[in-house]
1. Of the residues in segment 12-41, how many are more than 18 Å from GLU98 (Cα to Cα) and touching a residue at least 24 places away in the same chain (Cβ under 8 Å)?
2. Got a sec? Which of ARG101, ARG90 is under 23 Å from GLY11 (Cβ atoms), charged (D, E, K, R) and surrounded by 18 or more Cβ atoms within 10 Å (Cβ to Cβ)?
3. For segment 44-70, what are the residues that are more than 19 Å from ALA15 (Cβ to Cβ), open to solvent by 10 Å² or more (accessible area, probe 1.4 Å) and either part of a strand (DSSP E or B) or polar (S, T, N, Q) (or both)?
4. Of everything in segment 6-43 that's of a type outside the set (D, E, K, R) and in a helix (DSSP H, G or I), which residue is most open to solvent (accessible area, probe 1.4 Å)?
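The values are calculated or read from the model by the stated rules, or taken from the named source; none is laboratory data. Predicted, not measured: the structure shown is a model, and the values here were computed from it. Backbone-built Cβ (ideal geometry, glycine too); neighbour counts: all protein chains shown. Please note that ligands, DNA and RNA were not included when accessible areas were found on the heavy atoms of the full protein model with its side chains. Shrake-Rupley method; radii C 1.70, N 1.55, O 1.52, S 1.80 Å.
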Amino acid sequence: MRDAQLLDARGRVIARLMICTSLWERIRGLLGRPELGPGEALLLDPCKAVHTIGMRYPIDIVFLDADNRVVRIKPAMKPLRNTECRQARRVIEFKAGEAARLGIDVGCTLDWMDGSPV
């Protein structure tokens, strides 16, 4: 897992991003980890489907296409659920309510850059 900064369409840093690209990192995701805080997110790349089996808290799921455009948002997904998006290439997970707080909507583009967390 590596740290990066999540950027909005204007290039402003909106969150600290933890990037999971290996199979093991993606399988584990947030399982067994404390709840994300404000300004924190987890990127699963590649990813088209997410489950919250074994989790104890709800999360926001933001599906991105190949151009990092938001194609679907599943807000406050409760534990013991699953969801998918066929056109997604990757997923960003946030604390429940965080996607709305950050102004993330379907159609907006997100990006990230490696580096120190915010």
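1. Here is the first cut: in segment 12-41, the ones more than 18 Å from GLU98 (Cα to Cα) are 20-28, 31-32.
Add one more test, that the residue is touching a residue at least 24 places away in the same chain (Cβ under 8 Å), and what stays is 20-21, 25, 31.
Final tally of qualifying residues: 4.
2. Working: ARG101 fails: surrounded by 18 or more Cβ atoms within 10 Å (Cβ to Cβ).
Step by step, each of ARG101, ARG90 is checked, and only ARG90 is under 23 Å from GLY11 (Cβ atoms), charged (D, E, K, R) and surrounded by 18 or more Cβ atoms within 10 Å (Cβ to Cβ).
3. In the first step, residues of segment 44-70 are kept if they are more than 19 Å from ALA15 (Cβ to Cβ); the result is 46, 48-49, 51-56, 65-67.
Cutting the leftovers down to open to solvent by 10 Å² or more (accessible area, probe 1.4 Å) gives us 46, 48-49, 51, 53-56, 65-67.
ALA49, HIS51 - these are the residues of segment 44-70 that are more than 19 Å from ALA15 (Cβ to Cβ), open to solvent by 10 Å² or more (accessible area, probe 1.4 Å) and either part of a strand (DSSP E or B) or polar (S, T, N, Q) (or both).
4. Step one: list which residues in segment 6-43 are of a type outside the set (D, E, K, R), which gives 6-7, 9, 11, 13-15, 17-24, 27, 29-32, 34, 36-39, 41-43.
Imposing the further condition that a residue be in a helix (DSSP H, G or I) reduces the set to 23-24, 27.
On the way: LEU23: 111, TRP24: 178, ILE27: 98 Å².
Step by step, filter segment 6-43, then rank; the result is TRP24.
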